[in-house]
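Colleague: Take a look at this one; I'll ask things after.
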Ligand code: NDP
Ligand code: BG6
């Protein structure tokens, strides 16, 4: 295996909310993996901060538990964990009071990168940003990492941007959309902009339509209250699916640098047309035997929030005029499967006659599980019987294709990669403030539309592909969704 790990410089990373669910499930096990991969320098330090009465030792114990529970089974070596937790510290801090701030300031070193991860609810962002400033803890070189949801709508996102802008410049702010940290999502850019093969065909002249599916088998878990206020549109489409759409639809940036990439993504979001209400299908999962319905899960028997959404939208520019983008995401569906399918048009002239049937090329980019790409190519069906055509996949599962090059299990997960990018000072995979606002500006009227009409989500069965009407959305256009496999 070839090691491609590039160590980062020494840092002090403060995790506000360092005892919370996200820190325990993702951030700390992720840092542990980077430590094991040799990417976290020996003089880097992670400082958990929250109100709980802990000290360094009890915090380390908590993190040991988090790694045991949420870390990879192969990363459980006691010696590795002991060396990692020795780099962890804890300071008791109240975001809304004076407790702990001076101690935190004293613990941080002057000559290393300082990063502050706001792994707390957005209601605390203002307090944290103001105190980091007033206690002289953050300076012009410090970096700030903020979690989703970044706002609930355009006014709240603007307000958050303003709060952060009072004390930090845009080039210090790293807004996380963890989909941008996924390996295949970044590969989208490599596939598009490092190969000459696809780009000439990547437009409305050759592409019939694009499908983006993020299907989950999980329900709302313990996040019922949050989810009932958000729904699939705010929770998934406004951020993750729109980011995927941007990477598919954007023009080639002039350079692979943060602002060049984000400028192009922003243009896509701004070119999105308002969505016709007839092109939106919302759904809610029903009870399944003993398993609760969505309404039971969120504890609201009259909830009109969607756990599924499918919609058709258009990017109104020269490249994409007339090519629909179909987006679909939902919980408790048949399989966990995230895929982007670029469905090309039929060949312009059919020389093989009616019996050959209709065929088209499909480039499918699989995000998870089994990351990879497939290109469906039409060939002659082998054997006698005339010129019958079939579509066969040119299959490239990354794990297989790269087996000799890299151990795919060592590829950092989204959070690991994003945290290391913060330490490298690379904002390419983070959302800029104007991007987030533009995304809400497109999303808000869609939500306001169904709220004012009082639309009721369609029920769907757990383990299905979503409500029937979602299939109709495609059928009406003479198209069909790819199977959720
Ligand atoms: P939790 O409720 O599990 O954790 C909240 C953390 O904030 C705790 O460590 C808590 O510790 C701390 N905290 C709360 N109030 C204060 C305060 N006044 N001062 C200092 N610390 C405080 O939340 P999550 O970890 O689930 O979520 C954190 C953020 O990440 C949220 O914005 C969430 O939307 C986002 N997110 C979470 C995901 C997840 O899977 N959990 C996924 C994506 C985003 P204490 O009470 O001891 O102070
Ligand atoms: C989160 C959403 O941002 O993404 C969750 O809040 C969703 O509802 C999750 O389950 C999906 O992420 P992944 O990486 O499992 O596809």
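Colleague: What is the range 63-186 by shape, rounded, prolate or oblate, if you read a ≥ b ≥ c off the alpha carbon gyration tensor as root eigenvalues and call it rounded for a/c under 1.5, prolate for a/b larger than b/c, and oblate otherwise?
Modeller: Oblate is the answer for the range 63-186, as a/c is 1.5 or above yet b/c matches or exceeds a/b.
Colleague: So for the range 259-329, Kirkwood radius off the Cα pairs, Stokes-Einstein at 20 °C and 1.002 mPa s: how many µm² s⁻¹?
Modeller: The calculation lands on 145 µm²/s.
Colleague: Would you compute, from DSSP H runs of 4+ residues alone, the mean residue ellipticity of the chain at 222 nm, taking -39500 (n - 2.57) per run and dividing by the full residue count, rounded to the nearest 500?
Modeller: -9000 deg cm²/dmol
Colleague: If packing is taken as the average count of other Cβ atoms within 10 Å, what order do 212-218, 317-323, 76-82, 435-441 fall into, highest mean first?
Modeller: Highest-to-lowest ranking by the protection proxy: 435-441, 212-218, 317-323, 76-82.
Colleague: Here is a follow-up. Helix 414-424 sits at what angle to the longest principal axis of the chain, using alpha carbons and giving 0 to 90 degrees rounded to 10?
Modeller: The helix 414-424 is inclined about 60 degrees to the chain.
Colleague: Per the Kirkwood formula on distinct C-alpha pairs, the Rh of the range 426-485 is how many angstrom?
Modeller: 15.0
Colleague: Checking the a/c ratio against 1.5 first, then a/b against b/c, what shape does the Cα gyration tensor give for the range 10-51?
Modeller: Because a/c hits 1.5 or more and a/b fails to exceed b/c, the range 10-51 counts as oblate.
Colleague: I would also like to ask the following. Note the angle between two axes, namely the Cα long axis of helix 183-193 and the longest principal axis of the Cα atoms of the chain, as a number of degrees from 0 to 90, rounded to the nearest 10.
Modeller: 60
Colleague: Determine, from the Cβ-Cβ distance of residue 461 and residue 106 and an R0 of 51 Å, the FRET efficiency 1/(1 + (r/R0)^6), rounded to the nearest 0.05.
Modeller: 0.35
Colleague: Once both labels are modelled 7 Å past Cα along the beta-carbon direction, what's the residue 10-residue 394 spacing in nm?
Modeller: 5.1
Colleague: Taking the convex hull of the alpha carbon atoms in the range 320-432, what volume per residue do you get, in Å³?
Modeller: Enclosed volume per residue, from the Cα hull, is 205 Å³.
Colleague: Using the beta-carbon distance between residue 360 and residue 153 and R0 = 35 Å, what value does 1/(1 + (r/R0)^6) give for FRET efficiency, to the nearest 0.05?
Modeller: 0.35
Colleague: Where a ≥ b ≥ c are the square roots of the eigenvalues of the C-alpha gyration tensor, would you call the range 246-367 rounded, which needs a/c under 1.5, or, failing that, prolate if a/b is larger than b/c, or oblate?
Modeller: It comes out oblate by the Cα gyration axes.
Colleague: Right, next: Mind checking Rg over Rh on the range 40-86, alpha carbons, Kirkwood formula for Rh?
Modeller: Reported Rg/Rh, Kirkwood definition of Rh: 0.97.
Colleague: Another one. Return the whole-Å distance between the Cα centroid of the range 60-84 and the Cα centroid of the range 331-355.
Modeller: 44
Colleague: Pairing the Cα long axis of helix 56-70 with the longest principal axis of the chain, what angle in degrees results, from 0 to 90 and rounded to the nearest 10?
Modeller: Helix 56-70 sits roughly 20 degrees off the main axis of the chain.
Colleague: Extent of the range 385-485 along each principal axis, from alpha carbon coordinates, in Å, largest to smallest?
Modeller: Extents along the principal axes, in whole Å: 59, 50, 29.
Colleague: Here's another thing I want to ask about it. For the chain, just run the numbers: alpha carbon Rg, then divide by 2.2 N^0.38 Å, N being how many residues it has.
Modeller: Computed over Cα atoms of the chain, the ratio equals 1.04.
Colleague: At each listed q (0.22 Å⁻¹), what is the log10 of I(q)/I(0) that the Debye formula gives for the range 1-136 modelled as equal alpha-carbon point scatterers?
Modeller: The Debye formula, applied to the Cα set alone, gives -1.41.
Colleague: Evaluate E = 1/(1 + (r/R0)^6) for residue 57 and residue 124, where r is the Cβ-Cβ distance and R0 equals 41 Å; express this FRET efficiency to the nearest 0.05.
Modeller: Efficiency computed from Cβ-Cβ geometry: 0.95.
Colleague: Applying a 10 Å radius around every beta-carbon, put 152-158, 273-279 in order of their mean neighbour count, most first.
Modeller: The densest-packed peptide leads the list: 152-158, 273-279.
Colleague: Could you order the peptides 299-305, 171-177 from most to least packed, using the average number of other C-beta atoms within 10 Å per residue?
Modeller: Descending packing order for the listed peptides: 171-177, 299-305.
Colleague: Run the numbers for residue 452 and residue 83: contour at 0.36 nm per residue of separation, minus the present Cα-Cα distance, in nm.
Modeller: 127.2 nm
Colleague: Working out 0.36 nm times the residue gap between residue 69 and residue 471, then minus their Cα-Cα distance, what length gain in nm do you get to one decimal?
Modeller: Difference between extended and current length: 140.8 nm.
Colleague: Between residue 279 and residue 351, with labels modelled 7 Å along Cα→Cβ, what's the label distance in nm to one decimal, could you check?
Modeller: Label-label distance for residue 279 and residue 351, simple model: 3.6 nm.
Colleague: Something else about it: What is the distance, in nm, between label points placed 7 Å from the Cα along the Cα-to-Cβ direction at residue 194 and at residue 370?
Modeller: A separation of 2.4 nm, rounded to one decimal place.
Colleague: Next question, about the same structure. Which percent, to the nearest 5, of DSSP beta bridges fully inside the chain are antiparallel?
Modeller: Roughly 55 percent of the DSSP beta bridges within the chain come out antiparallel.
Colleague: Which value, in nm² and rounded to one decimal, describes the direction-averaged projected area of the C-alpha convex hull of the range 140-288?
Modeller: 12.2
Taken together, the values in this text are just the output of simple stated rules run on the coordinates, not laboratory data. All values derive from a computational prediction rather than experimental measurement. Cβ sites come from the backbone with ideal geometry, for glycine too, and all protein chains shown count toward neighbours.
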